[in-house]
Amino acid sequence: MKAPLLVCALLATLSASAFAAAKTVTLSIPTMDCPVCPITVKKALHKVPGVGAAEVNLDKRQATVTFDDTKTNIDALTRATRDAGYPSSAMSEKK
């Protein structure tokens, strides 16, 4: 009797992650001004749980971040860059 309940619970847990939506946001980071800045920003973003990819462009002073919206959000991403010394704001978001 417990085995079917355990299987159902396991399937429910696994299927919940199947509904996770990957989102992409572009962050404006105007204070980046040296070649080391993008490295610092990228490391800070990758420490946020749920971040799948982060590409940082010094020339544009932007970061494009793909993340799992069930694990993190844009506020956490901008907080991570701010805490690393680079305040940012969301420019655009894609689903």
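Scanning the stretch 47-72 for residues that are out of contact with any strand residue (DSSP E or B) (no Cβ under 8 Å at 6 or more places or on another chain) and surrounded by 16 or more Cβ atoms within 10 Å (Cβ to Cβ) returns a single hit, Leu58. Residue-level check: of (1) in contact with an Asp or Glu (Cβ under 9 Å, 6 or more places away or on another chain); (2) farther than 11 Å from Val25 by Cα, Ile74 misses just (2). Of all the residues in the stretch 21-46, those that are loosely packed, with under 12 Cβ neighbours inside 10 Å and within 15 Å of the chain's Cα centre (by Cα) number 1.
Any read-out appearing in this document is the output of simple, stated calculations on the displayed coordinates, not a laboratory observation. No experiment lies behind these values; they were computed from the predicted model shown. Cβ coordinates were reconstructed from backbone atoms using ideal geometry, including for glycine residues, and neighbour counts include every protein chain displayed.
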